[in-house]
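Every number in this text was worked out from the coordinates using simple rules, so none of it is lab data. What you see is a predicted model; the values in this text were computed from it and never measured. As a convention, Cβ positions derive from the backbone with ideal geometry for all residues, glycine included, and neighbour counts pool all protein chains shown.
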Amino acid sequence: MNKKIWIGLGVIALVIFWGIGSRNSMATSDQEVKASWANVQSAYQRRSDLIPNLVKTVQGVANFEKSTLTAVIQARASATQMKLDAKDLSPENLQKFQAAQSSLSGALSRLLVVTENYPQLRATENFSELQAQLEGTENRIKEERDRFNTSVKNYNSIIVTFPSNLIASFSGFAEKGFFQAEAGSEKAPEVNFDEKK
């Protein structure tokens, strides 16, 4: 055979092996994103599982603000109804998921603020334990979201860089969304220690 034919076949073989390697790298990175997403969902599920016990504990206190409890229950229902499969992690879908979870976080925050007015509730061991578990779970959620964002960054970097983006477009790999900071979180809260009488 002609030397040019061998060189041509060698180049074609290299391109094929490079394409297979790129495709496998994308698939591996996609699996890492899915595993990270499962961990995020697990952390949110733990928080959701703690809420009924928290609500029952708070309901035991006479005259506790019913509207606050109702808001938590409704936000939990809304957050648990928002299911997002790892195959559908587009920026838009992730934003909807995050909005539902943020609504629940806000309702829980309001509940914990209101409990400041009930020293007998704060003194109970059950409430203190649930509050500590919720705080630990919120920390776990933050850690899992950070890991997820790192996995998404690595995945997106692979599929958008040239020439891997050519393989990605042929193979159906699309960019995935990140968890974003909550709206308004870029502004530092105002703290005023001067009491006006």
Just going by the charge dipole of the range 3-163, with Lys and Arg at +1 and Asp and Glu at -1 on Cβ, which of VAL11, LEU134, THR68 is farthest out on the positive end?
VAL11
If every Lys and Arg gets +1 and every Asp and Glu gets -1 at its Cβ, then about the Cα centre the range 3-163 yields a dipole, in debye to the nearest 20, of 620 debye
The chain, relative contact order [Cα under 8 Å, separation at least 6], %
33 percent
Shape category assigned to the chain from the gyration tensor of Cα positions, a/c cut at 1.5:
prolate
Among LEU89, SER171, ILE51, pick out the residue whose Cα is farthest towards the positive end of the charge dipole of the chain, where Lys and Arg carry +1 and Asp and Glu carry -1 on C-beta, about the Cα centre.
SER171
